[in-house]
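First up is the structure itself, then whatever we jot down about it.
The values are calculated or read from the model by the stated rules, or taken from the named source; none is laboratory data. None of these values were measured; they are calculated from a predicted model. Every residue, glycine as well, gets a Cβ built from its backbone with ideal geometry; the counts of neighbours run over all protein chains shown.
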């Protein structure tokens, strides 16, 4: 799994990103959304690996043979969330209808002086939470993230809101874990993604089943939550179409306990709980899955 997504080249280019950003901010969201159709067509025709990965995934989740119209819908959903990052990062929340859960679980723990780990994934929009936390919700948030895979996109997004870069804890830095500890000790929620294996984590994985086939996932989020003795909460910002998003929080555990004698079995257990939650959400909103590579290693 690691090799598959790390080997994909970034298809963005600075001029295109700048043009889209200018149109989004100056001509408005309706006009900018018209650009999503040629963008979808481009990736549908020329992004062979991503198109094939979409077909393989949709075949699993839809329980029927998908067609190119399904793939186009899948790509268009992803492109929509990328466009909406512009508005999320510039605080233009009035352009989006964001549905928050009745109970803001991370905020409840934060008000008790307890930080938490928010375990996200490449499903829907992670930025819905990050940007909402900056402008609309009194929840202190830090993001542990790998910035090296799409550097051009990251650069443009940071230019939209310089405060976002102050929230980021770079994954792989010498003091990354120390920064995470300081953040949760201060009552912050620390968000991270748990559905892809990083190169640095290739030997630190566990096994679980997703959509009927075994996969490997990184155990780092489980280990961090267990070592810091903080709640582990799964998070999803599901794109519902149009301008609508819905945020979901699901508590995995207020305190992860790992048996020293059955450490790997316990890690696999918690990974399976996370995978079960992922499976539930992608079955409800299948086009929100944004891992456009051979996730289940189905091709030679």
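Residues checked against (1) modelled with pLDDT under 95; (2) more than 15 Å from residue 144 (Cα to Cα); (3) surrounded by fewer than 14 Cβ atoms within 10 Å (Cβ to Cβ):
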position: 175; (1), (2), (3): yes, no, yes
position: 178; (1), (2), (3): yes, no, yes
position: 199; (1), (2), (3): yes, yes, yes
position: 211; (1), (2), (3): no, yes, no
position: 217; (1), (2), (3): no, yes, no
position: 238; (1), (2), (3): no, yes, no
position: 256; (1), (2), (3): no, yes, no
position: 261; (1), (2), (3): yes, yes, yes
position: 265; (1), (2), (3): no, yes, yes
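Conditions tested, residue by residue: (1) buried (at least 16 other Cβ atoms within 10 Å of the Cβ); (2) farther than 24 Å from residue 275 by Cβ; (3) touching a residue at least 60 places away in the same chain (Cβ under 8 Å).
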position	(1), (2), (3)
35	yes, yes, no
41	no, yes, no
46	no, yes, no
50	yes, no, yes
65	no, yes, no
68	no, yes, no
74	yes, no, yes
77	yes, no, yes
90	yes, yes, yes
For the list (1) closer than 25 Å to residue 229 by Cα; (2) at pLDDT 85 or above; (3) outside any helix (DSSP H, G or I), I need the number of the one condition that residue 98 fails. (1)
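So is residue 282 under 17 Å from residue 122 (Cα atoms) and surrounded by fewer than 20 Cβ atoms within 10 Å (Cβ to Cβ) or not? Steps first, answer last, please.
Numbers: under 17 Å from residue 122 (Cα atoms): yes; surrounded by fewer than 20 Cβ atoms within 10 Å (Cβ to Cβ): no.
Criteria not met by residue 282.
Give the residues of region 38-47 that are under 23 Å from the mean Cα position of the chain (by Cα) and either assigned to a helix (DSSP H, G or I) or over 16 Å from residue 77 (Cβ atoms) (or both), sorted by residue number.
Looking only at region 38-47, we keep the residues that are under 23 Å from the mean Cα position of the chain (by Cα), and these are 39-40, 43-44, 47.
Listed by number, the residues that qualify are 39, 40, 43, 44.
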Have a look at 218, 286, 231 and point out the one that is without any contact (Cβ under 8 Å) to a residue 60 or more places away in the chain and in contact with a helix residue (DSSP H, G or I) (Cβ under 7 Å, 6 or more places away or on another chain). 218
Based on what the data block shows, is residue 236 under 23 Å from residue 84 (Cα atoms), in contact (Cβ under 8 Å) with a residue 40 or more places away in the chain and not in a strand (DSSP E or B)? no
Just to be sure I understand, how many residues within region 150-173 are over 23 Å from residue 90 (Cβ atoms) and modelled with pLDDT under 70? 0
Condition broken by residue 251, with the remaining ones in (1) surrounded by 19 or more Cβ atoms within 10 Å (Cβ to Cβ); (2) under 21 Å from residue 127 (Cα atoms); (3) in contact with a helix residue (DSSP H, G or I) (Cβ under 8 Å, 6 or more places away or on another chain) satisfied: (1)
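Any residue at all in region 258-273 that's assigned to a helix (DSSP H, G or I), under 22 Å from residue 79 (Cα atoms) and touching a helix residue (DSSP H, G or I) at 6+ places or on another chain (Cβ under 6 Å)? So that I can check it myself, show each step before the final result.
Kept after step one, since they are assigned to a helix (DSSP H, G or I), are these residues of region 258-273: 260-273.
Now narrow it down to the ones that are under 22 Å from residue 79 (Cα atoms): none.
No, region 258-273 contains no residue that is assigned to a helix (DSSP H, G or I), under 22 Å from residue 79 (Cα atoms) and touching a helix residue (DSSP H, G or I) at 6+ places or on another chain (Cβ under 6 Å).
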Filtered residues of region 62-95 (kept if outside any helix (DSSP H, G or I), over 24 Å from residue 188 (Cβ atoms) and touching a helix residue (DSSP H, G or I) at 6+ places or on another chain (Cβ under 6 Å)): 66
